[in-house]
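One structure below.
The numbers here are math on the coordinates, done by the rules we state, and not lab data. This structure is a prediction, so every number in the text was calculated from the model and none was measured. FYI the Cβ positions are ideal-geometry reconstructions off the backbone, even for glycines, and counts take in every protein chain you see.
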Amino acid sequence: MGDEDWEAEIIKPHMSSYVPVFEKDRYSSGANGDTFNRTPASSSDAGESNKRENTTTVGSFGAGKGFGNRDFSNKFEEGDTSGFWRESNNDCEDNQTRNRGFSRRGDSKYEQDEGTQRTGGLFGSRRPALSGAGNGDTYQSRSCSGSGRGGYKGLNEEVITDSGKNTWKSEAEGGEGGDVQGPKVTYIPPPPPEDEDSIFAHYQTGINFDKYDNILVEVSGHDAPPAILTFEEANLCQTLNNNIAKAGYTKLTPVQKYSIPIILAGRDLMACAQTGSGKTAAFLLPILAHMMRDGITASRFKELQEPECIIVAPTRELINQIYLEARKFSFGTCVRAVVIYGGTQLGHSIRQIVQGCNILCATPGRLMDIISKEKIGLRQVKYLVLDEADRMLDMGFGPEMKKLISCPGMPSKEQRQTLMFSATFPEEIQKLAGEFLKSKYLFVAVGQVGGACRDVQQTILQVGQYSKREKLVEILRNIGDERTMVFVETKKKADFIATFLCQEKISTTSIHGDREQREREQALGDFRCGKCPVLVATSVAARGLDIENVQHVINFDLPSAIDEYVHRIGRTGRCGNTGRAVSFFDPESDSHLAQPLVKVLSDAQQDVPAWLEEIAFSTYVPGFSGSTRGSVFASVDTRKNYQGKSTLNAAGFSSSQAPNPVDDESWD
Ligand SMILES: Nc1ncnc2c1ncn2[C@@H]1O[C@H](COP(=O)(O)OP(=O)(O)OP(=O)(O)O)[C@@H](O)[C@H]1O
């Protein structure tokens, strides 16, 4: 291919003649152009296949899904059909990043992304989703709520809004044959394996696991209980200890040392720790311990279930992962964890719930759906966990979270324990969190708040837009079969790059919000098992995913906000293992990131290229605090007047015995 001409390549009707591995095996019955249309329609798949019939598939890579719909409607709305780059902004899946928070561009075209479509109605709709001003076109039909996907469409999560209908209600209706037109979502995810070996399957901690002990930990707030140094000190019940051992955990990570006693003491907590350092177990173990101590009884079949714990996370794949961890640690107890998320049949979610539910793991849209259907009552909620809490509280999900805590029956913050975890906590989000937390919550910062994991070797390459593909192929060929995640900024480009790599005979799959849930799960499965060692992803896969052996992350496009960068590169270098991240920095579009990147790199003791420093210097923003939209680098708890702050290293010693923290001053 010559110079980048995305538009021409993407809309070419003949597209590629190469069928990507995962599609070929799964769907193709021959020609690639209609790969998806040929999906065999089992009876339970009727809705899905209808959907596909409504879809004009342009290419072999599920391209029709990503390429056609949003793209077209964006154009339609803007009356502009020219230029990929302009479109790609509209198509930006990561508009969660662009739109959320505090530097929103305020440009209506950005509101067409999934992230904004997903919020609507009851939760404080920013605007109806796509206009639905029907033009009868099949592309349009896919992008309009109700007519295309019948009940979900999400950046990270389901949700479809039908001309301003509230998000979760329309999902319920669309998903379960209510009054919203369009096919039902019929996907029922396959149940996870039930054998003990699969439940406790885990990967090894890496050579740097013990170095976690040297990380400085800062606890702020009143009367923080002391850290524990071993699992034994947590005094958990035997079954939990057995499960911890079977999971291969012998030593606590810093966030676990501090969070477990805090949660056991009944305190509210906001915890910030680097990616891959065990935050999930840090909240699951003490919650389970409490439940066991309280003598929880097995929940039985009931039409209305009243879970003791609700865990929310922004993406379907992540919440599923958290559920699997909850299932693992509750193995052999009477605690029943259930997971529900969008893009799956609502009836399936309900059937899971009515069988009994102590811990409900849910994405926000599906959760609100189920609450509205009166399948879940909130009166018994003792623990509310927001994983990726900064994301859960930003403009994308914040309104839904607010709605959740003000739902009838939800115990007030004084009556429940609220726990928030993330690797990044912009200052503004910390302030918003106050609404959810008791005023005396504790704040645990492991290392630099918002800092990158030091086990990831970061390289920034200056690569112009037109050279990126060539560079990508060069790097991937050098990498060989090692598992690599390639992040791009738009769904359209994810399809495009994945197709391109397949043409280059590099086994690749892709995950993004325009793919059907079954395809997303298949893609992740193919990547996990190594069938496709390259996964091209949008930011939907940036947070939380814990996949063994991901050795490389490539930012084909840099994200627009630095916190997203930190999460993306955190898909490698997990749990003491090492990893590499290579990012293509295009001075044309990425200069605004130069300053925060320099900071992230230097904080993580990485080499900072001189050219990047120069760009950072030339784009110097006085008062910069680490992000284009606020401070990701709040070095501490942003509550100003707390007392009792103590800085300790992860082994529990005071900071006077530990190396000085990285100086943060020059950036303020
Ligand atoms: N104490 C421990 N010993 C061994 N392995 C652990 C321990 N704690 C967590 N792990 C493993 O480390 C991996 C990363 O944990 P987890 O996914 O909870 O990280 P995280 O901090 O939530 O990351 P992210 O910020 O990306 O969401 C998981 O595979 C988990 O099972």
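Some observations on this one:
- From Ile554, Ile562, Ile569, residue being farther than 23 Å from Thr280 by Cα and under 23 Å from the mean Cα position of the chain (by Cα): Ile554
- Residues that are assigned to a helix (DSSP H, G or I) and under 30 Å from the mean Cα position of the chain (by Cα) were ranked within the range 205-232; the one that is nearest to Cys272 (Cα to Cα) is Tyr212.
- On inspection, Gln517 does not qualify as touching a residue at least 24 places away in the same chain (Cβ under 8 Å) and over 15 Å from the mean Cα position of the chain (by Cα).
- Tallying residues that are touching a residue at least 40 places away in the same chain (Cβ under 8 Å), away from the ligand (no atom under 11 Å from the Cβ) and surrounded by fewer than 24 Cβ atoms within 10 Å (Cβ to Cβ) within the range 241-261 yields 3.
- Residue within the range 562-575 that is away from the ligand (no atom under 16 Å from the Cβ) and on the phi < 0 side of the Ramachandran plot present: no
- Some residue of the range 310-330 being part of a loop (DSSP other than H, G, I, E, B), more than 13 Å from the ligand (Cβ to nearest atom) and more than 18 Å from the chain's Cα centre (by Cα): yes
- Some residue of the range 455-462 being farther than 23 Å from Leu264 by Cβ, out of contact with any helix residue (DSSP H, G or I) (no Cβ under 7 Å at 6 or more places or on another chain) and within 16 Å of the ligand (Cβ to nearest atom): yes
- Residue check, Leu367 farther than 28 Å from Thr572 by Cα, of a type in the set (A, V, I, L, M, F, W, C) and surrounded by fewer than 22 Cβ atoms within 10 Å (Cβ to Cβ): no
- Answer residue from the range 265-288, given it is part of a helix (DSSP H, G or I) and either more than 10 Å from the ligand (Cβ to nearest atom) or among the aromatic types (Phe, Trp, Tyr) (or both) and is nearest to Ser330 (Cα to Cα) among those: Leu288
- Test set (1) under 28 Å from Asn208 (Cα atoms); (2) among the hydrophobic types (A, V, I, L, M, F, W, C); (3) over 19 Å from the mean Cα position of the chain (by Cα) - Val486 fails condition number: (3)
- Flag for Thr418 being away from the ligand (no atom under 16 Å from the Cβ) and within 21 Å of Lys279 (Cα to Cα): yes
- Hey, Ala494 buried (at least 24 other Cβ atoms within 10 Å of the Cβ), in contact with a helix residue (DSSP H, G or I) (Cβ under 9 Å, 6 or more places away or on another chain) and either of a type in the set (D, E, K, R) or assigned to a helix (DSSP H, G or I) (or both) or not: yes
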